[in-house]
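See structure below.
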Amino acid sequence: MQPIQDQIQESIRVKQLLLDQTKPIELMANVITQSIQNGGKLMICGNGGSAGDSQHLSTELTIRLSSVFERPAIAALALTTNTSTITACANDYGYDFIFSRQVEALGKPEDVLLGLSTSGNSKNVILALEAAQTRGITTLGLTGKSGGKMKDVCDVIICVDSENPNRIQESHILIGHILCDLVQYGLYG
């Protein structure tokens, strides 16, 4: 077991490295903002904790990020929430296709797909990003140090400089909150 202070210090160190990633964060925010302005939506997907982050971030946009800034709802959708769709797809086609089938059904060229994967190798996320690309949908990715296979299927990717899934996910939610803040102010600020 790693001591508490060491875990906190490691989290701080990883987040400090994000200071070198401000340009891709800003680029992602601009891409999402332009998509919404053009009548598109943000779709988000991931597995496990990243599925939870997908739901969290889509809610921050659809409902609100904070009570400090009231604004209209922003079109965002987590592809992780419809259990009937997910289980039917897993049963009929296989778990690898649970997100790509939704992208096929719901995605249009003015949309954006954000994939989250700490390893960058989640097959269902990669297939969703590939499905988005074939439809002319801009693809964004949040992943860990190596970027995994997602590097090849994302128009913009941020690889958190860590191999520890806990630290990667902590950074993903920080990046996600920053994206939500930049998007809401870009649209309504």
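Just to be sure, is Thr118 within 22 Å of Thr59 (Cβ to Cβ), at pLDDT 95 or above and among the polar types (S, T, N, Q)?
Values: within 22 Å of Thr59 (Cβ to Cβ): yes; at pLDDT 95 or above: yes; among the polar types (S, T, N, Q): yes.
Taking the combined requirement at face value, the residue satisfies it.
The condition (being of a type in the set (Ser, Thr, Tyr), at pLDDT 95 or above and touching a Gly at 6+ places or on another chain (Cβ under 8 Å)) is satisfied by just one residue among Thr22, Thr33, Thr62: Thr33. Within region 121-145, the residues that satisfy the criterion of being over 11 Å from the mean Cα position of the chain (by Cα) and within 15 Å of Gln21 (Cβ to Cβ) are Gly144, Lys145. When region 151-160 is filtered for residues that are part of a loop (DSSP other than H, G, I, E, B) and surrounded by fewer than 18 Cβ atoms within 10 Å (Cβ to Cβ), only Asp155 remains. When Pro165 is tested against (1) touching a His at 6+ places or on another chain (Cβ under 8 Å); (2) more than 20 Å from Lys41 (Cβ to Cβ), only condition (1) is not met.
Taking the stated definitions as given, is Glu104 surrounded by 12 or more Cβ atoms within 10 Å (Cβ to Cβ), in contact (Cβ under 8 Å) with a residue 40 or more places away in the chain and acidic (Asp, Glu)? Considered against the rule, which asks whether it is surrounded by 12 or more Cβ atoms within 10 Å (Cβ to Cβ), in contact (Cβ under 8 Å) with a residue 40 or more places away in the chain and acidic (Asp, Glu), Glu104 comes out as no. Please count how many residues of region 65-99 are in contact (Cβ under 8 Å) with a residue 24 or more places away in the chain, closer than 22 Å to Asp111 by Cβ and assigned to a loop (DSSP other than H, G, I, E, B). Result for region 65-99: 10. Answer yes if at least one residue in region 108-131 is farther than 18 Å from Asp53 by Cα, without any contact (Cβ under 8 Å) to a residue 12 or more places away in the chain and surrounded by fewer than 20 Cβ atoms within 10 Å (Cβ to Cβ), and no otherwise. No: region 108-131 contains no residue that is farther than 18 Å from Asp53 by Cα, without any contact (Cβ under 8 Å) to a residue 12 or more places away in the chain and surrounded by fewer than 20 Cβ atoms within 10 Å (Cβ to Cβ). Taking first residues from region 173-186 that are under 14 Å from Phe69 (Cα atoms) and partners that are among the hydroxyl-bearing types (Ser, Thr, Tyr) and part of a helix (DSSP H, G or I), the Cβ contacts under 6 Å between residues at least 6 apart in sequence or on separate chains come to Val183/Thr33; Gly186/Thr33.
Can you give me the number of residues within region 37-53 that are surrounded by fewer than 24 Cβ atoms within 10 Å (Cβ to Cβ) and either under 19 Å from Thr83 (Cβ atoms) or touching a helix residue (DSSP H, G or I) at 6+ places or on another chain (Cβ under 6 Å) (or both)?
The qualifying residues number 6.
Okay, residues lined up against (1) polar (S, T, N, Q); (2) within 14 Å of the chain's Cα centre (by Cα); (3) buried (at least 20 other Cβ atoms within 10 Å of the Cβ):
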| position | (1), (2), (3) |
| --- | --- |
| Gln2 | yes, no, no |
| Gln7 | yes, no, no |
| Gln55 | yes, yes, no |
| Pro72 | no, no, no |
| Asp96 | no, no, no |
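State all residues of region 102-117 that are more than 11 Å from the chain's Cα centre (by Cα) and in a loop (DSSP other than H, G, I, E, B); if no residue qualifies, say none.
Gly107, Lys108, Pro109, Glu110, Asp111
The values are calculated or read from the model by the stated rules, or taken from the named source; none is laboratory data. A quick note: this is a predicted structure, and the numbers were derived from the prediction, not measured. Note: ideal-geometry Cβ built from the backbone for every residue, glycine included; neighbour counts use all protein chains shown.
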